[in-house]
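Chemist: My structure is below; once you've seen it, I'll send some questions.
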Protein chains: 2
Amino acid sequence: MYRTHNCGELRKSDINSNIIICGWVQRIRNKGFLIWIDLRDRYGITQVFIDSEKTSPEVISIAKSLGREFVISVRGKVIERQAPNNKIPTGEIEISVENIEILNKSEVPPFTIENESDGGDELRMKYRYLDLRRNPLKNNIIFRNDLTFEIRKYLKENGFIDIETPYLIKSTPEGARDFVVPSRINTGEFYALPQSPQTFKQLLMISGFDKYVQIVKCFRDEDLRADRQPEFTQIDCEMSFVDQEDVISTFEGMVKHVFDKCLDYDLGKFKRIPYTDAMERYGSDKPDTRFDMQFFNSSEKAKGNGFKIFDDSEAIYGFNVTSGAELSRKEIDSYIDWVKRPQIGALGLIWIKHNMDGSIKSSIDKFFDADQLKDLTNSNPGDISFIISGNKKKTLTQLGALRIEVAERFGLRNNGKFDALWVTDFPLFEWDEDSKSYHSMHHPFTSPVNGIITDNPADTFANAYDLVINGNEIGGGSIRIHNKELQQQVFSILGFSEQEALEQFGFLLNAFKYGAPPHGGIAFGLDRLVAVMNQDESIRDYIAFPKNNSGKDVMIDSPSKIDNQQLDDLNIKLK
Amino acid sequence: MYRTHNCGELRKSDINSNIIICGWVQRIRNKGFLIWIDLRDRYGITQVFIDSEKTSPEVISIAKSLGREFVISVRGKVIERQAPNNKIPTGEIEISVENIEILNKSEVPPFTIENESDGGDELRMKYRYLDLRRNPLKNNIIFRNDLTFEIRKYLKENGFIDIETPYLIKSTPEGARDFVVPSRINTGEFYALPQSPQTFKQLLMISGFDKYVQIVKCFRDEDLRADRQPEFTQIDCEMSFVDQEDVISTFEGMVKHVFDKCLDYDLGKFKRIPYTDAMERYGSDKPDTRFDMQFFNSSEKAKGNGFKIFDDSEAIYGFNVTSGAELSRKEIDSYIDWVKRPQIGALGLIWIKHNMDGSIKSSIDKFFDADQLKDLTNSNPGDISFIISGNKKKTLTQLGALRIEVAERFGLRNNGKFDALWVTDFPLFEWDEDSKSYHSMHHPFTSPVNGIITDNPADTFANAYDLVINGNEIGGGSIRIHNKELQQQVFSILGFSEQEALEQFGFLLNAFKYGAPPHGGIAFGLDRLVAVMNQDESIRDYIAFPKNNSGKDVMIDSPSKIDNQQLDDLNIKLK
């Protein structure tokens, strides 16, 4: 037996116990005849105390030979600490050493294993196994474990069955971003890794498993952006004999449950907003609703006043920022520069200060008098209003991005608050200008509201819903079509012949012939959920071994070349 | 809302309730003015009753139009059943129909959805989603879900952390059976799918997560044999600061827990046997210990009696079969033929009948008298003894196979009993005649017993252990080496230079430099565990969507060709 206790559990009540603990040397203070060692393991830190008058010379010599991150076993007696440390749970005791055994030495680690490390990003990625010893990362991984356990528990109690679907599946023509896997035995053929278990969960509904869950890895060979991973984890769920309300209430319950259990946070009843309103009021289909700053629409009122930019604009939208009237000219200019950056692409930004004394100062003073500006913005004294105009879709999106930037600079985000929102009634179809055709906004099995597709497909809304927390899309799903004729109609709007539909979705369409129940579901991004619950925007530190922005694992040096023999066996060669 | 109840929950206490249930039409009995429908969902079957005198003509006409596997919704009142069916939990009630809605029609399914289906294996694999509607398969999948939940619960309560390791990892030179994944972004480079998360779980121990678990898919591109799957699920575990006893007791506890919770079966304290004894007494490293039939060793006694076959043999082993003396000559011959098949490869089989009257009849009467034969076999009246001789290793293996075959024919297997056994003290190295070198029996990080490698490496035993239940290897693991010098010694016995070791295990060896704790672990084959707990030998029906023996999923037709554009994007081409 290596240990009787871990480094986080000894308390005053253990005083006089003979114990053995194991761990890593966090810190050594050597005052000559007195030596203190902070011994660390997953559970905490315990102080080890060596009094050279009471300890054998052998043990003292071992203690003096220790370095940072050595793995040792300490046998001794729990004693009361003369100078208690109330910052740690073990701070009232220390271990009076009888023996120390070095279980393993350590070279000097390439960076400090402290809450704030001195190692750069790249170095810490290369030595990820050491970075994971640091409390912030360690706690993230433990939090993730607690979260998935509570999710599983909630769903088990609600009758969900965890069913594993295959990882080696079939590539589909539209699966341009599939990772593929050459088959050695079936020469010239390939499996594909799933982008999601979508078709399999629908097949499971046809099989009669009416409540399915799987916490499952998904794969997408996308051009990587910051904070995207080629492999990511989904909480994938599907239910039968349900409508949208059933799905929403089940999973609102789940999310409330995990916030309660893991954060002791009451999310309250989730807000809801239709997609069109979200775009109109926040310029985003995943608005951050921790703060207000909803848009006003001045498209009508602002025109016809001789200001050509407005007169030529399809849409004129803005929002008011409380306390914004205090912004300096320089600060305002930096917002103007910000929206003009190519990533945002606005041509300009109109601002209107509503000073505390009721006076108005604006970049469009020449065209509008104070009352007109107050009427346009409906602002309060102390506000600044920001207005963007132009093409409606672009204007809303640009203003939405600005709204987040303003909130960021005003400290309205990452403030310990959580706000959960269902975005509903997404359009069923999106018109694609390039291909001059409709695409499914969600996927082609998503059902229209009330089961009816309107004469103008673009005006048809879907039984689709996203869960947004703090401006992050945490999950999304839909009620699926289970009626053959309706499915046919959708395919024909998407421009698929019956033949083409069969080629792409053959086995699923075939399965639909044999009694498909009404069904629908949702999938959550687990990595994102964990990050958002920790008020974090980046998912990387919630994954034990993530890849970098080039899809590389620099710790194991992957991907990498493989030898010719292996290529030969797979019947492929490099181009 | 689609339903108020499911098809498995209504009871006598619900009589007079107005309910709605949904499900699939299992069976219709139409007696003209009375119609009964068995409505099935995941939870059970409820009988629906239509009395044409009390039901609207529209509903009757709908009822008459129904076919097998139609999905319907039934609104009605719970009434007492005139002829109760005590075989099903809902057998005391039925539903008096008010309305029936067809939610979806079904074509006639290609085979019957009954406990015993009329569909052949291949047809049922193609329509797996229909096969999964049948109770035996459905129950397997639900059992698997219950099992994994209990495993997670036990391990959570014991402080284990569920940590996801990556699926896109690095191929290693010895990874000839790796599935590889071409990277589109990193041209000419490949990821590999993990054969197991072995290195990652060891890295997690170095990170300080002292108790790790993951229920995880693993991949092996092996030539497929019956009952092997290219993707399979492991319960993968690792612990730090533990010795073999700690690991064994933790996981004996886990297995006992799940047998208790899922089967209400007390496995008792597990037996233990060293590898060498298992081979010597059962001719197998995974003996079925539900029955006895241990081997006797006649290698000494049987020689020197003028029977050339024995005299020329390295080893002579046998076992006694209770009641075997009743076997007919024809039955005995069929055993002789069985061991001579090329799969077993024995040259012959000696038999000795010890009749109830004490007399002896044997195939070697000419060379041995009755007393000699009784002395060789130590058999009891009523037994038959089977003896095989020749090369020791082959003899033991052949006799081990025969032991299982005899048990099978005598009905000693799959009898509702479970017997769990730890096989320990495996050899650390195996001598490979082809390459004239040692190989690791487990893997090169497995530690030797007492940390010492004996002068003759072949005589060194490992801190390695397998869990065997009913003759199936359910799990296996080892205590790893954490000492650099010992690791170096193992590599040198395996014929690796330091350089070669670094190339193959580079990042793990590097990690070992920074304070690796003593650690060890185990991995269980989940598919196998579920099958064995259901007294089944085949794993396929415990996986929702398995592949066939050619690694193909005939339902989705995978693997399959991919188009040239996709190959181009990946910078590979077919040979």
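The values are calculated or read from the model by the stated rules, or taken from the named source; none is laboratory data. Source: prediction; values computed, not measured. Positions of Cβ are backbone-derived with ideal geometry, glycine not excepted, and every protein chain shown enters the neighbour counts. The area values use the complete protein model at the heavy-atom level, side chains included, leaving out ligands, DNA and RNA. Shrake-Rupley method; radii C 1.70, N 1.55, O 1.52, S 1.80 Å.
Chemist: Take peptide B:209-220, look around each residue's Cβ out to 10 angstrom, count Cβ atoms belonging to other protein chains, and average those counts.
Modeler: Numbers: counts 10, 7, 1, 2, 1, 1, 3, 1, 6, 1, 4, 0.
Averaged over the peptide's residues, the number is 3.
Chemist: In whole Å and largest first, what semi-axes does the C-alpha gyration tensor of segment B:291-409 yield when each eigenvalue is scaled by 5 and square-rooted? Don't skip to the answer; put the middle values down first.
Modeler: On the way: eigenvalues 71, 66, 31 Å².
One finds semi-axes of 19, 18, 12 Å for segment B:291-409.
Chemist: Please name the residues of segment B:498-517 whose accessible area, counted over protein heavy atoms with a 1.4 angstrom probe, falls by no less than 40 Å² between the chain alone and the full protein assembly.
Modeler: B:PHE507, B:LYS513, B:TYR514, B:GLY515
Chemist: Still on this structure, I have one more. Would you mind giving the total buried accessible surface between chains B and A, with a 1.4 Å probe and ligands, DNA and RNA left out, rounded to the nearest 100 Å²? Please report the intermediate quantities before stating the final value.
Modeler: Values: alone 29500 and 29510 Å², together 47730 Å².
So the buried area, both faces added, is about 11300 Å².
Chemist: Using θ = phi - 60° and the Karplus curve 6.51 cos²θ - 1.76 cosθ + 1.60, what whole-Hz ³J(HN,Hα) does each residue of segment A:117-123 get, with Gly and Pro shown as x?
Modeler: 8, 8, x, x, 3, 5, 4
Chemist: Can you give the net charge of the other residues whose Cβ lies under 11 Å from the Cβ of B:ASP527, counting K and R as +1 and D and E as -1? Present the calculation step by step, with values, prior to reporting the outcome.
Modeler: Details: positive: B:ARG144, B:LYS217, B:ARG228, B:ARG528, B:ARG540; negative: A:GLU164, B:ASP227, B:GLU231, B:ASP536, B:ASP541.
Surrounding charge for B:ASP527 is 0.
Chemist: Averaged per residue, what accessible surface does chain A expose to a 1.4 Å probe, in Å²? Intermediate values should be presented prior to the final figure.
Modeler: On the way: 23870 Å² over 575 residues.
With the other protein chains kept in place, chain A gives 42 Å² per residue.
Chemist: Right, here's the next one. Are there residues in segment B:1-41 whose accessible area shrinks by at least 10 Å² when all protein chains are included rather than the chain by itself, and which are they (probe 1.4 Å, ligands and nucleic acids not counted)?
Modeler: Buried-area filter returns B:MET1, B:TYR2, B:ARG3, B:CYS22, B:TRP24.
Chemist: Is the shape of chain A rounded, prolate or oblate, going by the alpha carbon gyration tensor and its root eigenvalues a ≥ b ≥ c, with a/c under 1.5 for rounded and a/b larger than b/c for prolate?
Modeler: On the way: a/c = 2.20, a/b = 1.38, b/c = 1.60.
Judged from the Cα gyration tensor, chain A comes out oblate (a/c at least 1.5, b/c at or above a/b).
Chemist: What are the ³J(HN,Hα) couplings of segment A:100-114, residue after residue, when phi is run through the Karplus curve with 6.51, -1.76, 1.60 and θ = phi - 60°? Round to Hz, x for glycine and proline.
Modeler: Along segment A:100-114, the couplings run 10, 10, 7, 7, 6, 7, 9, 5, 5, x, x, 8, 6, 8, 10 Hz.
Chemist: Moving on. Could you work out the local net charge near B:ILE60, counting Lys and Arg as +1, Asp and Glu as -1, over the other residues with Cβ closer than 11 Å to its Cβ?
Modeler: -1
Chemist: Once you have the Kirkwood Rh of the protein assembly as shown from its Cα pairs, apply Stokes-Einstein at 25 °C and 0.890 mPa s and quote D in µm²/s.
Modeler: The calculation lands on 71 µm²/s.
Chemist: In whole Hz, what ³J(HN,Hα) sequence does segment A:297-313 give by Karplus (6.51, -1.76, 1.60; θ = phi - 60°), x for Gly and Pro?
Modeler: Along segment A:297-313, the couplings run 10, 9, 3, 7, 4, 7, 7, x, 10, x, 8, 4, 4, 5, 4, 8, 8 Hz.
Chemist: Helix-only estimate, please: 222 nm mean residue ellipticity of chain B, summing -39500 (n - 2.57) across DSSP H runs of length 4 or more and dividing by its residues, to the nearest 500.
Modeler: Details: 15 runs with 161 residues, N = 575.
Per the formula, -8500 deg cm²/dmol.
Chemist: Across the residues of A:154-162, average count of Cβ atoms on other protein chains within 10 Å?
Modeler: Rounded to a whole number, the mean comes out at 3.
Chemist: Please report the spacing between the Cα centers of segment A:77-91 and segment B:413-477 in Å, no decimals.
Modeler: 45
Chemist: According to the square roots a ≥ b ≥ c of the eigenvalues of the Cα gyration tensor, what is the shape class of segment B:312-368, taking rounded for a/c under 1.5, prolate for a/b larger than b/c otherwise, and oblate for the remainder?
Modeler: Cα axes put segment B:312-368 in the oblate bin.
Chemist: Let me ask something additional. Could you sort out which of A:LYS286/A:LYS393; A:LYS271/B:LYS153; A:LYS31/B:LYS211; A:LYS573/B:LYS217; A:LYS271/A:LYS417; A:LYS211/B:LYS105 sit more than 26 Å apart by Cα distance in this structure?
Modeler: Numbers: A:LYS286/A:LYS393 15 Å; A:LYS271/B:LYS153 34 Å; A:LYS31/B:LYS211 35 Å; A:LYS573/B:LYS217 28 Å; A:LYS271/A:LYS417 15 Å; A:LYS211/B:LYS105 21 Å.
With Cα atoms farther than 26 Å apart: A:LYS271/B:LYS153; A:LYS31/B:LYS211; A:LYS573/B:LYS217.
Chemist: For chain B, find the longest principal axis of its Cα atoms and tell me its angle to the long axis of helix B:392-409, 0 to 90°, nearest 10.
Modeler: 30
Chemist: OK, next. Using only Cα atoms, find the angle between the long axis of helix A:498-512 and the longest principal axis of chain A, and express it within 0 to 90 degrees, rounded to the nearest 10.
Modeler: 60
Chemist: Here's something else I'd like to know. Let me see the pair-distance distribution of segment A:12-104: every alpha carbon pair, 5 Å bin width, integer percents in order.
Modeler: Pair shares across the bins are 3, 14, 28, 29, 18, 7, 1.
Chemist: Between helix B:198-207 and chain B, what is the angle of the helix's C-alpha long axis to the longest principal axis, kept within 0 to 90° and rounded to the nearest 10?
Modeler: 90
Chemist: Measuring from centroid to centroid over Cα atoms, what is the spacing of segment A:279-306 and segment B:363-398 in Å?
Modeler: That distance is 93 Å.
Chemist: Let me ask something additional. Using only the alpha-carbon atoms of segment A:30-163, report the extent along each of the three principal axes, biggest first, to the nearest angstrom.
Modeler: Principal extents (Cα only, largest first): 63, 36, 27 Å.
Chemist: Add +1 for every Lys or Arg and -1 for every Asp or Glu among the other residues with Cβ under 9 Å from the Cβ of A:PHE426, and state the total.
Modeler: Here the charged neighbours net out to -3.
Chemist: Need one word for segment B:491-575: rounded, prolate or oblate. Basis is the Cα gyration tensor (sqrt eigenvalues a ≥ b ≥ c); a/c below 1.5 gives rounded, then a/b vs b/c decides.
Modeler: Working: a/c = 2.92, a/b = 1.25, b/c = 2.34.
Oblate, since a/c reaches 1.5 and b/c is not below a/b.
Chemist: Summarise the accessible area of the protein assembly as shown (1.4 Å probe, protein heavy atoms) by the percent that is carbon and sulfur.
Modeler: Details: 22370 of 47730 Å².
Roughly 47 percent, rounded to a whole number.
Chemist: Run the label-point distances for B:LYS77 please: 7 Å along Cα to Cβ, every other copy, nanometres, shortest first.
Modeler: B:LYS77 label point versus its equivalents elsewhere: 8.2 nm.
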